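Worksheet for the structure shown next.
The values are calculated or read from the model by the stated rules, or taken from the named source; none is laboratory data. In this text, all values refer to a predicted model and were calculated from it rather than measured experimentally. So basically every Cβ, Gly included, is an ideal-geometry build from the backbone, and we count neighbours across all protein chains shown.
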Amino acid sequence: MKKVVIIAMILAMAVPALSVIAGGKKEAGVADRTELRMAWWGSQRRHDMTIGAIELYMQKNPNVNITYEFAGWGDYWTMLTTQAAGGNLPDIVQHDYQYLAEWAGRGQLLGLNQFVESGALDLSNVEDDAIAGGKLDGELYGVNIGSNATTFVIDVDMFDAAGIPIPDWEWTWQDFERIAQQLHNELGVWAIGGNLQNWHVWNQIYISLGQSAYAPDGRDLGYTNDQPFIDHLNMILRLQEAGVVPHISEWLAVYDDAGVEQQPIVAGDAAMAFVWSNQLIAMWRAAGEDRNFVLRPVPRVAGGASSVYVKPGQFLAVSARSGAPDAAVAFV
């Protein structure tokens with residue numbers, strides 16, 4: 001009886017072992033597959049396009065599996081900061097011009113010069129100006145995947161309904177205030193959706209005056225006179241109090257982190273929008289392709305120059321803690 005029990009125990013242990021052996025080829029194939037994670041922010045259109053690119057890459061590289069996560073702008077950075085604190089950043093992250101230096105300086109992003117020098121990251125057909133924005137002290141940390149500029153989107157039909165001409169290309173903030181008030185009076189809608197008191201507007205006011213919000217070394221202000229921006233904030237307050245534009249508290253609570261598909265101009269609740277130029281197509285498609293939108297530059301300070309400047313729209317960067325940096329760079 002004892003002998004029978006021992007044999008039964010051996011057989012019981014052998015069954016799972018045989019199962020592992022029988023499935024070994026499959027398991028080995030899974031084990032040989034490189035696993036990557038990727039994260040980005042953006043509109044639904046960007047999500048769809050990025051997912052499509054990932055799926056196409058995996059079809060052509062069956063030894064690579066990429067899982068992904070995405071969010072709106074504000075939620076994205078909250079998510080990424082939490083992951084970085086836990087040492088769990090995705091291998092590939094979409095990054096922004098205003099945060100790249102900070103994250104690289106904290107050692108969160110992988111330096112990419114070694115991959116450029118080896119030829120693994122081929123930037124030979126990319127303009128130097130497009131590459132330079134992703135560098136810090138000569139080291140490349142982000143690969144620019146598109147250039148961008150702030151812009152005003154104007155609903156031509158709403159302007160026509162209000163009997164207001166489309167602004168010219170050299171319009172000023174004084175022109176904007178006058179037009180905004182007229183739009184609201186005639187149509188009863190917000191003149192514009194957008195945060196017109198953020199740091200991009202602050203910077204562009206001083207660019208229009210031949211200066212900048214920051215000194216070249218980034219350690220001090222690039223101007224000495226606060227009055228131009230004080231005047232701007234007072235104008236925004238006048239418009240908020242008159243209901244011409246959303247109050248900043250409402251904007252931050254409802255719209256600031258929403259995709260472009262949820263902006264007031266899409267639903268016809270505003271006649272203008274303050275957005276990035278690469279958001280126009282997604283906004284137009286969400287609003288309906290029969291809508292008549294045109295672009296105008298951000299207004300300039302009276303007597304000042306154009307404040308338009310082009311910057312990297314977004315970067316792809318690789319986590320310094322990636323377990324598969326070569327595969328991550330290959331995808332980039």
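Numbers at a glance
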| quantity | calculated |
| --- | --- |
| Residue match in region 217-239 (condition: within 19 Å of V153 (Cα to Cα) and more than 23 Å from the chain's Cα centre (by Cα)) | yes |
| Odd one out for D160 among (1) at pLDDT 95 or above; (2) within 28 Å of V201 (Cα to Cα); (3) surrounded by 15 or more Cβ atoms within 10 Å (Cβ to Cβ) | (3) |
| Cβ-Cβ under 8 Å pairs, at least 6 apart or on other chains, region 158-187 side on the phi > 0 side of the Ramachandran plot, far side exposed (fewer than 13 other Cβ atoms within 10 Å of the Cβ) | none |
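Results for (1) within 14 Å of P325 (Cβ to Cβ); (2) exposed (fewer than 12 other Cβ atoms within 10 Å of the Cβ); (3) assigned by TED's automatic domain parsing to the domain that holds A39, shown as yes or no for each residue.
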site: T81; (1), (2), (3): no, no, yes
site: N88; (1), (2), (3): no, yes, yes
site: D96; (1), (2), (3): no, no, yes
site: W103; (1), (2), (3): no, no, yes
site: Q108; (1), (2), (3): yes, no, yes
site: S118; (1), (2), (3): yes, yes, yes
site: N125; (1), (2), (3): no, yes, yes
site: A130; (1), (2), (3): no, no, yes
site: G133; (1), (2), (3): no, no, yes
